[in-house]
Amino acid sequence: EALAQSLRIKNRIKRVLPNNLLESAEGLIGVIQNPALLKKVFHHARQGNFSYIFTKTKEKLGKNIRPKLKIDPIDPEELFEDFDIRKYAIDGAVIDIIIPVYNGYEYLAPLFKALKNNTTTPFRLIVINDCSPDERVKPFLLERLGEYPTSLFIDHTQNQGFLKSVNEAVTHIRGHFVILNTDTEVPKQWLERLIHPIVTMQNIASTTPFTNSGEIASFPNFIADNPIFEEMEADALDSVFREINPQNFYQEMPTGVGFCMGVNYDLVKKIGFFSEENFGKGYGEENDWCQRAIKSGYKNLLVPNLFVYHKHGGSFSKEEKQRLLEKNLLRLSELHPNYPQDVHNYIQKDPHRVLRNLLILLASSKNKSEITLLIDHALGGGANIYADELSNSYQAEGKKVLRLCDDYYAGGYKLYFDSQEYHFAFGLASLASLRHLFEKIQLKAIFINNLVSFKESYAFLQWIKELTLTNEASLTIPIHDYYPICPSYTLLDSLGEFCDIPQDLERCQACLQKSKLEWKTYFSDRADIVRWRAVWGELLELSTDILTFSQSSKDLLLQAYPRLDQQKIVLTPHKIEPLPVVVPASHLKKKGITIGILGALNYAKGSEVLKQLIRTVEQRGLDINVVLIGEISDPIKSARFKVTGRYKRDELPELITKNEIDIFLIPSIWPETFSYTTQEIMMMQMPLMVFDLGAPAERVREYAKGYVLQKDYIENILITLENFPDQG
């Protein structure tokens, strides 16, 4: 659009094009920024298919696999760093850890065990027993604190509440400190990461780690009381957070969260700490202090590379907690009228949404979840439908799916994560970015659905090989087309005819160089058939399963790779929902004959055959009409030809009857690996003509109302129609 504006094209377009084409024209202008897509445009422009260009570019740009799902661009090289504890060393400082205790005996052993095992920087414990009724609490605390000679134990004879207990402890503080609830469990090197921003950055008031239950610090779901992610061990989950480069994710918050909060002692000396006068026993006191800190020019940060488990035991009853919340939040709003709006704005912005999604992906992987990498193009069509159904079936089984596409139309790689609970997507600029990200991900299985249009083809195939070996993952390769055999994935040669896979690879190489067919618009590398067969051959040998959907496609694969282990080739035809039987129009005793064509036609699917057929019908004055139920890339203008446009599958019987179709033709000139349209026509028990190629011919040979035609196709179509029974 910027280019169009600068060249003053837009207004001219408005003057010369109808309104309904304006959006298509603007979409076409957007193509200029995508060199790969320009090749496609020029290919169809040479053939004069301008209406196809206008309609398809607008349709495809930005509307590929999941048009409604937001794509978040990420750069993995900036997201991660190798964790080095030396970077977080707190030179010469001893950090005070304040732990207010009121009952919660069941939490104390895990808390102190984690503190002992996972705290490596010098610290001092200040523990307040706030008159716990549970008689087991005090002896336990005294016993554990005996291991820490510098610790301070405060024992209340009357209950003072959380706020007063913490304030009392703060009177003994010597430097920066931490407030830590008893219902927490800390991971390795937690204290260094929590305090790091306070000691290395300017004017940081408080720091809060990610946790499972911490409102605006919650993971995996924002503003939620989550259980710990997939029942992982706290330290195992934190190991994922440790890999994050925090510099790219430090974000100012309207408040810290007091379950585990690092506090800047220098600021406490300036503005004091919790307000007993305003917040009594507790709730809202840390929010008030953090707001006062902001007004003093300080910031409250979420620590993006730290997770602390919060079991959310609580010292108050549910009823008392609700009462205190309502009362103190009202007081908080009176003291800081901006606070509710600040929190609302933070929630709306949700600055760590992308980070949480990334962490969900990495944590799922580290938790030995069954993650399948499903690699697919974003061109639309049957292969994408197959991938959709496969992804849905995996999710129904409780598996997680990563779907990777090289987005030909919009540019760049798209990575979709889907599970029963989570759905999100990332955009990555390069194969190098993919490599960097997948170094952090463990895969159970890899499924190469279709790689047509993928850039850096040879390097990408080599990466898949490395990924399979590194993860010891299963590898499945379905044969939706013949891309594993040749970049010309329909096996059409430079003359536009089925090549029958020559054994002479020099002949193949010459063909690839001369070809001007559509496959070249998708292929961005130098076509080298020897190298192509070598890299694909390695993947096929490495594969666990190779799925073929017809015997003919299996035979052609073995023709190209005769040494391939046939035991791994699984013949599994697609399952198709039934359609009702349709009575052909020939039984209506009408004059002439109407041929039906089903589906979307391009050159490989028979658009040129259709042109020749209609031209011959017109030249000979034959009483034959053709109805295409679907679309065509190269429009045909003829009184003998009609296009119905896109259709819904359940509309087929009505469309066939309405258009008085007598017999169908599948004009495809490539050996299709499977033909949905062939199967659907046979299900409706309509007469059907196909050429002696691939899966359609394989099925129609066994079909009582079928005709398998040899070359010359046009003459054999007309001969078949001349002898077609029951004409009126």
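The values are calculated or read from the model by the stated rules, or taken from the named source; none is laboratory data. Everything numeric here is computed off the predicted structure, so don't read it as measured data. As a convention, Cβ positions derive from the backbone with ideal geometry for all residues, glycine included, and neighbour counts pool all protein chains shown. SASA here: full protein model, heavy atoms, side chains in, ligands and nucleic acids out. Shrake-Rupley method; radii C 1.70, N 1.55, O 1.52, S 1.80 Å.
Helix-only estimate, please: 222 nm mean residue ellipticity of the chain, summing -39500 (n - 2.57) across DSSP H runs of length 4 or more and dividing by its residues, to the nearest 500.
On the way: 29 runs with 291 residues, N = 728.
Rounded to the nearest 500, the figure is -11500 deg cm²/dmol.
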Checklist outcome for this item: Contour minus Cα-Cα span, residue 430 to residue 559, at 0.36 nm per residue, comes to 43.0 nm
Next on the checklist: Using 20 Å as the Cα-Cα cut-off, could you pick out the over-long pairs in 349/399; 116/188; 611/711?
Outcome noted: 349/399
Checklist outcome for this item: Here FRET efficiency (C-beta to C-beta, residue 269 to residue 503, R₀ 51 Å, nearest 0.05) is 0.05
Next on the checklist: Are there any GluC sites (Glu not before Pro) in segment 463-555 that are in a DSSP loop and have at most 12 other Cβ atoms within 10 Å? List them by number.
Outcome noted: 472, 497
Next on the checklist: Net charge around residue 202, counting only other residues with Cβ within less than 12 Å of its Cβ (Lys, Arg = +1; Asp, Glu = -1)?
Outcome noted: 0
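At a 10 angstrom cut-off on C-beta neighbours, averaged per residue, how do the peptides 691-702, 193-204, 619-630, 177-188 rank from highest to lowest?
Numbers: 691-702: 21.1, 193-204: 19.1, 619-630: 16.4, 177-188: 23.2.
Put in order of decreasing packing, that is 177-188, 691-702, 193-204, 619-630.
Using +1 on the beta carbon of Lys and Arg, -1 on that of Asp and Glu, and nothing else charged, what's the dipole of the chain about the Cα centre, debye to 20? Before the final figure, lay out each step's value.
On the way: 83 positive and 92 negative charges, 465 e Å.
Approximately 2240 debye in magnitude.
Leaving ligands, DNA and RNA out of it, report the carbon-plus-sulfur percent of the accessible area of the chain at a 1.4 Å probe. Each step should come with its number before you reach the end.
On the way: 15930 of 32500 Å².
C and S atoms contribute 49 percent here.
For an R0 of 45 angstrom, estimate the FRET efficiency from the Cβ-Cβ distance between residue 574 and residue 326 and round to the nearest 0.05.
Values: r = 59 Å, r/R0 = 1.32.
E between residue 574 and residue 326, to the nearest 0.05, is 0.15.
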Checklist entry - Out of residues 5 or more away from residue 123 or on other chains, whose amide H comes under 5 Å of its own, with H placed 1.01 Å from N in the peptide plane? => result 95
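Once the other residues with Cβ under 9 Å from the Cβ of residue 634 are scored (Lys, Arg +1; Asp, Glu -1), what is the net sum?
Details: positive: 611; negative: 608.
Its environment carries a net charge of 0.
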Checklist entry - Could the peptides 569-576, 606-613, 205-212 be put in order, highest first, of the mean number of other beta-carbon atoms found within 10 Å of their residues? => result 205-212, 606-613, 569-576
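What whole-number value in Å² describes the accessible area per residue of the chain for a 1.4 Å probe? Let's see the in-between values first.
Values: 32500 Å² over 728 residues.
The answer is 45 Å² per residue.
Provide the gained length on full extension for the span residue 147 to residue 638, in nm with one decimal, where the gain is 0.36 nm per separating residue minus the Cα-Cα distance.
Values: separation 491, 0.36 × 491 = 176.76 nm, distance 9.40 nm.
Gain on stretching residue 147 to residue 638: 167.4 nm.
Over every pair of different alpha-carbon atoms in the chain, take the mean of 1/r and invert it; report that Kirkwood radius in Å.
In the chain this quantity evaluates to 30.5 Å.
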Checklist entry - Which percent, nearest 5, of DSSP beta bridges in the chain are antiparallel? => result 30 percent
Checklist entry - What is the local net charge at residue 512, summed over the other residues whose Cβ is closer than 14 Å to its Cβ (Lys, Arg +1; Asp, Glu -1)? => result +1
Next on the checklist: Cβ neighbours within 10 Å, averaged per peptide: list 133-142, 233-242, 376-385 in order, most packed at the top.
Outcome noted: 233-242, 376-385, 133-142
